[in-house]
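Participant: My structure is below; once you've seen it, I'll send some questions.
Any read-out appearing in this document is the output of simple, stated calculations on the displayed coordinates, not a laboratory observation. Because the structure is a prediction, the values reported are computed rather than measured. Positions of Cβ are generated from backbone atoms using ideal geometry, with glycine treated the same way; all protein chains shown enter the neighbour counts.
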Amino acid sequence: MAIKKNIAISDSGFLFNPSTGDSYSLNPVGQEILKLLKEGKNDEEVIEQILENYLTDRDAVEKDLYDFKNMLENYKLTDDE
């Protein structure tokens, strides 16, 4: 999944889409997932990084990652592949 290149993310967790003028607020896990996706990491790499940094289990991370990616697609924050 490729995140649109023009999407801006602030250090405080605000995401801005200059194409639409829409902005969103991300929690720290959402910020990290989005950063990793923008770096081109695949799902497994994202999951492993979240498991290293947060006290959680794989099932929860997988579900949250797929839900988050669906949300990104619904808000048109990804490039069509």
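Participant: Looking at the P(r) of the chain, how many percent of alpha-carbon pairs lie beyond 21 Å?
Facilitator: 23 percent
Participant: So if each residue of separation counts as 0.36 nm, and I subtract the Cα-Cα distance between Lys76 and Glu44, what length gain in nm does that give?
Facilitator: 9.2 nm
Participant: Right, another one. Within segment 16-36, which residues have the backbone N less than 19 Å from the label spot 7 Å out from Asn6 along Cα→beta-carbon, could you tell me?
Facilitator: 16-24
Participant: Between Glu62 and Phe16, 0.36 nm times their residue separation minus their Cα-Cα distance comes to what?
Facilitator: My answer for the length gained is 14.1 nm.
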